[in-house]
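The values are calculated or read from the model by the stated rules, or taken from the named source; none is laboratory data. Bear in mind the structure is a predicted one, so any value in this text is a computation, not a measurement. Positions of Cβ are backbone-derived with ideal geometry, glycine not excepted, and every protein chain shown enters the neighbour counts. Note: accessible area is taken over every heavy atom of the protein model, side chains too, but ligands, DNA and RNA are not part of it. Shrake-Rupley method; radii C 1.70, N 1.55, O 1.52, S 1.80 Å.
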Amino acid sequence: MELAAHTSFAPAPPPPALQQTQHTADGAERRIAPRRRVLKNALIVFNSRYCTHRCFILNMSETGAQLMPQDAVECPSEFVLKPQIGKERDCEVVWRKGELVGVRYV
């Protein structure tokens with residue numbers, strides 16, 4: 001019986017949605033707090049808690065998060081972000097790019 005040669009397994013690059021960062025024109029980071037990559041299920045809760053949208057939290061920090069809502073066009077500008085695990089946060093949208101939304105905790 002012959003053993004296969006040892007090969008190193010490099011992790012696959014993350015999808016493009018997870019690779020994006022916020023940089024200025026000169027390439028400097030604009031975020032106040034560093035973000036860490038996560039993949040969490042969450043709800044966007046709005047309209048006096050009568051309406052919800054599902055979303056994924058793609059990365060987060062102490063001051064904000066990057067979300068992928070089920071429908072970015074219908075995502076309200078202010079809402080409560082309710083992760084499946086973790087505490088609720090009041091949020092306001094600071095940027096939108098395709099199917100992604102960047103929020104600041106308020």
(request) Give me a count of the residues in region 61-106 that are among the aliphatic types (A, V, I, L, M), out of contact with any helix residue (DSSP H, G or I) (no Cβ under 7 Å at 6 or more places or on another chain) and modelled with pLDDT of 95 or more. (result) 9
(request) Identify all residues within region 84-106 that are part of a strand (DSSP E or B), open to solvent by 10 Å² or more (accessible area, probe 1.4 Å) and β-branched (V, I, T); write none if there are none. (result) V93, V94
(request) Go through (1) under 18 Å from I32 (Cβ atoms); (2) buried (at least 20 other Cβ atoms within 10 Å of the Cβ) one by one and return the number of the condition C55 breaks. (result) (1)
